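Below is one structure, written out as structure tokens; the observations come after it.
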Amino acid sequence: MNYISSYCHISSASCSVNGKIINTFNTDSLDEIISELYTSLGIKYSKFHKMDELSKVGFIGTELIKNSFPEIESYGENDIALLFSNQRSSAKTDIKFLDSYKDGGIPSPSLFVYTLPNILIGEISIRNKWFGENMFTISKNFDTEYFTNYCNILLNKNAEAALCGWVNVDDNKIEAFFFFVTKKDLKQLNLPLESKILSGLYTAS
Amino acid sequence: MITYIGSENIISPLGSSAQENFLQVKNGKSGINLFKNVGVGKEDLHLSKIKILTVDYKFDYLLSNCLNNIVNESAASIIDSEDTIVIISTTKGDIEDNLTTPIQQSINKLQKEFNLAHTPIVISNACISGVLAMNTANNFIQSNTYKHAFVIGADAISSFVLYGFQSLYAVSDEPCQPFDKERKGITLGEAAAGVLMSDDESVFKTEPLEFVEGTSSNDANHISGPSRTGEGLYRTVSKTLELGNVNVAEIDFISAHGTGTLFNDEMESIAFDRLDMNNIPLNSLKGYFGHTLGAAGLIESAIAMQSIRNNTLIKSLGFKEEGTSGGINILAENLEKEVTTILKTASGFGGCNASAIIRKLK
Amino acid sequence: MEDLKEKLKEQIIDRLNLEDVNVTDFSDDMPLFGGGLGLDSIDALELIVLLENDYGIELANPEEGKEIFDTINSLADYIQKNRK
């Protein structure tokens with residue numbers, strides 16, 4: 001049996017870790033929300049500012065999980081699988097890239113490199129020097145069955161833990177949910193990784 | 001338990017079956033042609049374009065036809081079974097025709113058309129998507145989550161992707177020349193390719209092969225530049241060999257990624273050197289099909305499977321003179337030899353790398 | 001020329017999203033790449049776009065950029081000589 005040892009919600013209204021709200025937002029601006037969250041992390045990482053919004057939210061969620069679960073540092077560099085998913089791939093950045101060249105403009109190379117959703121996994125890997133399994137999937141809704149099945153498969157195979165995320169950044173909305181899966185109930189949250197439990201956690205934002 | 005793999009299919013400018021495509025590449029035929037005014041600055045550029053593919057929603061068309069071809073090569077009863085999952089590999093779906101939801105609608109259509117019991121799983125992990133999709137299918141089968149998996153990769157050529165690679169100065173002005181000294185970048189291609197994987201040998205109309213193992217690893221280095229040390233590729237191949245219980249000496253052939261860019265091909269040569277795979281015959285098929293992104297891993301696996309079936313390794317088209325520092329054995333000519341076990345690798349943006357081993361049934 | 005250099009610094013900070021950097025943080029002769037700014041190959045390509053978009057200068061080959069983008073001095077110098 002595998003367990004959820006930490007989880008985090010980020011929406012346009014608030015951000016919570018393990019069910020406790022740590023930020024609420026009084027703005028409609030995604031830039032401001034993201035910048036507020038980044039500032040509250042209290043870190044300096046110049047690459048952050050170059051990321052697209054999808055990667056920024058993925059990065060922040062990962063940092064929040066790490067903060068709530070410092071034991072993450074004890075895992076080996078190949079041990080943590082990264083499984084991420086969302087509904088519309090990199091659509092928001094795709095549109096920006098398209099805008100850069102329509103009407104005869106010059107296509108922007110720095111936008112183009114973010115027109116793949118798995119770049120988010122790359123950014124997290126680079127930041128943390130994690131070399132483990134990678135997979136980005138696209139689905140209509142948060143697929144609790146897939147995440148439960150595939151985490152269990154990888155943890156029974158060649159991963160010791162999995163960091164998972166459902167990360168959506170649309171025109172005016174952030175909707176993201178992250179969770180960290182371990183082989184033992186290290187944090188005594190009593191949350192075995194089961195589809196029903198995952199679904200309950202996700203909707204309890 | 002064995003994961004069987006077979007019923008491979010390829011839809012490319014060179015044909016609509018794996019056999020047809022294999023025959024064409026064996027004869028040195030490439031799908032790459034020059035197209036007028038297609039570049040962002042109206043340059044003429046080489047592409048591997050399916051000429052009959054003039055419909056809108058090309059991605060839909062490719063997915064549906066490829067899946068249909070594979071269904072025809074398998075037991076009729078499994079496609080709509082509860083025990084079956086369809087796994088789709090793509091980078092951009094129908095980006096040209098549907099910018100905001102380029103993938104979702106096609107998946108809904110496919111599910112209805114084939115009356116699938118489960119919504120297909122869509123993997124979008126840059127250029128390793130195809131290999132990752134096979135690895136995922138194997139993991140599902142080995143864990144008894146599903147018994148059968150239809151794995152389909154597809155991507156169509158779009159201005160979006162072409163202009164993007166042009167903005168990176170990564171598009172060759174000649175047909176791509178992977179691993180060659182004179183290589184200048186990629187040539188884009190479009191295609192669909194797929195396989196059936198199952199725990200049941202009897203669902204294949206033609207004798208299947210064995211999918212031994214597959215893993216992935218990240219370089220943790222840069223989002224668009226390959227690792228100078230081939231770190232992620234080295235790690236995934238090491239892991240796949242270890243988990244699959246396969247020695248380097250057992251590998252008869254490497255179906256490499258070989259995009260034709262300076263840094264990618266160099267990175268691969270360094271990784272294979274670190275793996276002591278210098279003498280194993282290796283090719284890139286991008287000189288025949290171009291870089292087909294989400295379809296690449298599956299096309300190249302399908303051709304490698306045909307190599308096992310036909311005991312013929314295909315030369316790396318466009319390769320003349322060694323242009324990488326690892327000291328690797330790139331096939332300059334076709335090679336007839338007994339082929340039992342092959343290694344397939346892929347690397348992509350986001351620093352991702354994947355590998356898989358397929359072999360003849362014992 | 002001094003105005004151009006100041007403007008270039010602002011443009012570089014803006015286009016390359018160097019949020020942590022101020023105009024006063026970089027001197028005219030400081031290497032743009034391989035140094036404190038942490039710029040990479042994609043930044044170099046984005047600078048080529050900037051040259052074309054804002055100064056009408058097209059580079060045929062990104063290799064040319066290496067010398068041009070050495071420092072603010074070299075960049076300003078090149079623009080001065082080649083702008084349209």
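The set of residues from the stretch B:128-166 being touching a helix residue (DSSP H, G or I) at 6+ places or on another chain (Cβ under 6 Å), open to solvent by 10 Å² or more (accessible area, probe 1.4 Å) and among the hydrophobic types (A, V, I, L, M, F, W, C) comprises just one member, B:ALA156. The numbered conditions (1) more than 14 Å from chain A (Cβ to nearest Cβ); (2) out of contact with any helix residue (DSSP H, G or I) (no Cβ under 7 Å at 6 or more places or on another chain); (3) surrounded by 22 or more Cβ atoms within 10 Å (Cβ to Cβ) are all true for B:ASN115 except (3).
Condition check ((1) within 12 Å of chain A (Cβ to nearest Cβ); (2) under 12 Å from the mean Cα position of the chain (by Cα); (3) of a type outside the set (Lys, Arg)) across all residues:
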position: B:GLN142; (1), (2), (3): yes, no, yes
position: B:THR145; (1), (2), (3): yes, no, yes
position: B:ILE152; (1), (2), (3): no, yes, yes
position: B:ILE157; (1), (2), (3): no, no, yes
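In this structure, A:LYS92 qualifies as open to solvent by 10 Å² or more (accessible area, probe 1.4 Å), more than 7 Å from chain B (Cβ to nearest Cβ) and not β-branched (Val, Ile, Thr). Taken as a whole, the structure leaves B:ILE10 outside the set of residues that are of a type in the set (A, V, I, L, M, F, W, C) and farther than 30 Å from B:LEU331 by Cα. Residues that are under 14 Å from A:VAL57 (Cα atoms) and more than 7 Å from chain B (Cβ to nearest Cβ) were ranked within the stretch A:108-126; the one that is surrounded by the fewest Cβ atoms within 10 Å (Cβ to Cβ) is A:ILE124. For the stretch B:167-183, the set of residues classified as assigned to a strand (DSSP E or B) and either open to solvent by less than 10 Å² (accessible area, probe 1.4 Å) or among the basic types (Lys, Arg) (or both) consists of B:ASP180 only. Across the stretch C:1-34, what is the total count of residues that are within 13 Å of another protein chain (Cβ to nearest Cβ) and either open to solvent by less than 40 Å² (accessible area, probe 1.4 Å) or in a strand (DSSP E or B) (or both)? Going through the stretch C:1-34 one residue at a time, the tally reaches 5.
Filtering B:PHE289, B:PHE263, B:PHE319 for residues that are open to solvent by less than 10 Å² (accessible area, probe 1.4 Å) and of a type in the set (Phe, Trp, Tyr) leaves a single hit, B:PHE289.
Here A:MET135 clears all of (1) open to solvent by less than 50 Å² (accessible area, probe 1.4 Å); (2) in a helix (DSSP H, G or I) except the condition numbered (2). Against the definition (without any contact (Cβ under 8 Å) to a residue 40 or more places away in the chain, hydrophobic (A, V, I, L, M, F, W, C) and more than 25 Å from A:ASP185 (Cα to Cα)), how does A:ILE95 come out, yes or no? Taking the combined requirement at face value, the residue satisfies it.
So which residues in the stretch B:39-50 are closer than 19 Å to B:GLY287 by Cβ, out of contact with any Lys or Arg (no Cβ under 7 Å at 6 or more places or on another chain) and open to solvent by 40 Å² or more (accessible area, probe 1.4 Å), if there are any at all? Of everything in the stretch B:39-50, just one residue is closer than 19 Å to B:GLY287 by Cβ, out of contact with any Lys or Arg (no Cβ under 7 Å at 6 or more places or on another chain) and open to solvent by 40 Å² or more (accessible area, probe 1.4 Å), namely B:LYS49.
Taking the stretch B:239-258 as the range and being open to solvent by less than 30 Å² (accessible area, probe 1.4 Å) and small (Gly, Ala, Ser) as the test, the residues that pass are B:GLY244, B:SER255, B:ALA256, B:GLY258.
If you go through the stretch A:156-179 and pick out every residue that is over 24 Å from A:SER89 (Cβ atoms) and either in a strand (DSSP E or B) or more than 11 Å from every other protein chain (Cβ to nearest Cβ) (or both), you end up with 2.
The values are calculated or read from the model by the stated rules, or taken from the named source; none is laboratory data. Every value quoted in this text rests on a predicted model; they were computed, and no experiment measured them. Note that each Cβ is placed from the backbone with ideal geometry, even for glycine, and that neighbours are counted across all protein chains shown. Accessible surface is based on the protein model in full, side chains and every heavy atom, while ligands, DNA and RNA are left aside. Shrake-Rupley method; radii C 1.70, N 1.55, O 1.52, S 1.80 Å.
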